[in-house]
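**Q** The structure under discussion is supplied below as structure tokens; questions concerning it will follow.
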Amino acid sequence: MPLKHRLAMDLEKLALEFITPQLLSAGFCYLDHFMGEEVGDRVLDQVRRLHQDGELKDGQLAGRLRGVSKRHLRGDKIAWIAGTEDRCEAIGLVLSVIDQLVVLCSSRLGQCYVTQRSKAMVACYPGNGAGYVRHVDNPTGDGRCITCIYYLNKDWDAQVHGGILRIFPEGSACIADIEPLFDRLLFFWSDRRNPHEVQPSYSTRYALTVWYFNAQERAAAKKRFKNLSGKVCVYISVSSVMHIVTRHVH
């Protein structure tokens, strides 16, 4: 049976009256009870299966850091999922709804004209105190403009389990602590406006992350990366599946 879901929310109203104003004023926002428990449970089951089947591998760090343990910087295990794979239909459904929201927002976000996004990064912190040190998703102009994270952690108590995503908004003395609660969807700018960290997790912590690309910046980055590394990027448009795949040119 195909998975079906009827959204209780008005996506256009949500995008234009809540998400867009919050991104423009604060640089981040989140929604609770996003897909509902039934769909959230299906997504969680599919993510757990990927984990149990050994599909999640150690997350990578850019560059070489001599004398520094990678696990002290980033302790998650990840897999890249399009949402079209066998037994990943619930993941695909969530991605399609996020896509709709971002497309609705993008026309009101100034220079942030979105036409592509990444695959979903399924991530697990295994509960051994691993986290991810303070970093910026896009410090070098690679095209990523909006980060979206969908959390999958039932009965999460940050006082006991840790795992908070802490954002350090640029130009503000305040910080934002986001608990990774089940069925919560978080949006924030991917660039230097939002340094952030994942604090140590003491229980298994799951999330899906997708990045949406500014078309102009991504085109410039693609040209730059091609010149440097001999790679090209192949895109599927935002109106279809909206994912990016990198392959070597032979």
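**Q** Expected output is a single nm value to one decimal: the length gained when fully extending between Q159 and A173, i.e. 0.36 nm times separation in residues minus the C-alpha distance. What is it?
**A** Difference between extended and current length: 2.7 nm.
**Q** Modelled label-to-label distance, Y202 and L16, 7 Å Cα→beta-carbon offset: nm?
**A** Each label point lies 7 Å from its Cα, and together they span 4.7 nm.
**Q** Could you tell me the distance between the Cα centroids of the range 10-25 and the range 176-192, to the nearest Å?
**A** Using only Cα atoms to place each centre, the spacing works out to 15 Å.
**Q** Where does the range 102-211 land on Rg/Rh, using Cα atoms and the Kirkwood Rh?
**A** 0.97
**Q** If each residue of separation counts as 0.36 nm, what is the full-extension length gain between K226 and N128 once their alpha-carbon separation is subtracted?
**A** Once the chain is fully extended between K226 and N128, it gains 31.4 nm.
**Q** Leaving ligands, DNA and RNA out of it, rank L44, L14 by accessible area with a 1.4 Å probe, largest first.
**A** Listed by decreasing accessible area, they come as L14, L44.
**Q** Given the C-alpha atoms of the range 29-172, compute the convex hull and give its volume per residue in Å³.
**A** With only Cα atoms used, the range 29-172 gives 160 Å³ per residue.
**Q** Further question: Using a basic spin-label model with each label point 7 Å from the Cα along Cα→Cβ, how many nm lie between D58 and S96?
**A** Simple spin-label model gives 3.8 nm for this pair.
The values are calculated or read from the model by the stated rules, or taken from the named source; none is laboratory data. This is a predicted model, so every value here is computed, not measured. In this analysis, Cβ positions are derived from the backbone assuming ideal geometry, glycine residues included, and neighbour counts consider all displayed protein chains. Areas reflect the complete protein model, heavy atoms only, side chains present, ligands, DNA and RNA absent. Shrake-Rupley method; radii C 1.70, N 1.55, O 1.52, S 1.80 Å.
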